[in-house]
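Taking it in order: structure first as structure tokens, then the write-up.
The values are calculated or read from the model by the stated rules, or taken from the named source; none is laboratory data. Predicted model, so just to flag it, every value in this text is computed and none were measured. Here Cβ is always computed from backbone atoms with ideal geometry, including for glycine, and neighbour counts include all displayed protein chains. Areas reflect the complete protein model, heavy atoms only, side chains present, ligands, DNA and RNA absent. Shrake-Rupley method; radii C 1.70, N 1.55, O 1.52, S 1.80 Å.
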Amino acid sequence: MNRNNKIALFFILVIGGLIGLYMYKKYRVAPSIPLFTQKLLDETGRTVDLSSYKGKPLIISYYASWCGSCIKELKELNEVKEKDLKGITVICITDDPEDKFYDFQLKHPYPFQFYRLPLSFKEIDIHAIPVTYLVNSKGEMVYNKVGELQWKDNSFMQYAKKMLE
């Protein structure tokens, strides 16, 4: 391989690596969202401020009604909530239109707080869902993940409970 080919190959690898890093960060790293300053809408259309939840351990899940992984994760979370996560508030946030927002709650009457984001997920840098944040009672984000969490996995459940203390 001659020198020019080596240089071209080097630049192709560097550019490919940068594109890969960008894609990973965009689709696999949870964005830093100022959770307690976010304005949301409840089922009546009233504005809700998440700062009213400060001091409580929270699980905040960004989901969509059409997302199979989101539905599966929320179902698992519902199944373990009363047994393993008593005293922890679960907040589910979507950017679905109003009709989909209401329909989802009717089909899935989970004991969670459901809110609608008046912006699109892209506007707050969410490009893949579900995205889940664990917030301890001090208001500190202690864990985040893009992608489905395995709430029935005992080791993850123990870790989550410890983080939420």
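General remarks:
- Within the stretch 145-165, the residues that satisfy the criterion of being open to solvent by less than 70 Å² (accessible area, probe 1.4 Å) and of a type outside the set (G, A, S) are K145, V146, E148, L149, W151, D153, F156, M157, K161, M163, L164.
- Residue pairs meeting the criteria (Cβ under 6 Å; at least 6 apart or on separate chains; first more than 25 Å from Y143 (Cα to Cα), in the stretch 35-48; second among the charged types (D, E, K, R)): T47/K39
- Output for the stretch 103-135, where each listed residue is in a helix (DSSP H, G or I) and of a type in the set (D, E, K, R): D103, K107, K122, E123
- Within the stretch 79-103, the set of residues being surrounded by 17 or more Cβ atoms within 10 Å (Cβ to Cβ), more than 15 Å from the chain's Cα centre (by Cα) and either closer than 17 Å to Y133 by Cα or of a type in the set (G, A, S) (or both) comprises K81, L85, I88.
- Search result, residues across the stretch 31-78 that are part of a loop (DSSP other than H, G, I, E, B), hydrophobic (A, V, I, L, M, F, W, C) and in contact with a Ser or Thr (Cβ under 7 Å, 6 or more places away or on another chain): A64
- Qualifying residues in the stretch 33-73 (those that are among the hydroxyl-bearing types (S, T, Y) and in contact with a Lys or Arg (Cβ under 9 Å, 6 or more places away or on another chain)) - the one farthest from T89 (Cα to Cα): S65
- Here is the figure for the stretch 112-144: residues that are more than 24 Å from G68 (Cα to Cα) and open to solvent by 80 Å² or more (accessible area, probe 1.4 Å) total 2.
- Of the residues making up the stretch 79-102, those that are of a type outside the set (D, E, K, R) and part of a loop (DSSP other than H, G, I, E, B) are L85, G87, I88, P97.
- Qualifying residue in the stretch 130-139 (condition: over 17 Å from the mean Cα position of the chain (by Cα) and either in contact (Cβ under 8 Å) with a residue 60 or more places away in the chain or under 19 Å from L58 (Cβ atoms) (or both)): yes
- Condition broken by Y62, with the remaining ones in (1) hydroxyl-bearing (S, T, Y); (2) surrounded by fewer than 18 Cβ atoms within 10 Å (Cβ to Cβ); (3) modelled with pLDDT of 90 or more satisfied: (2)
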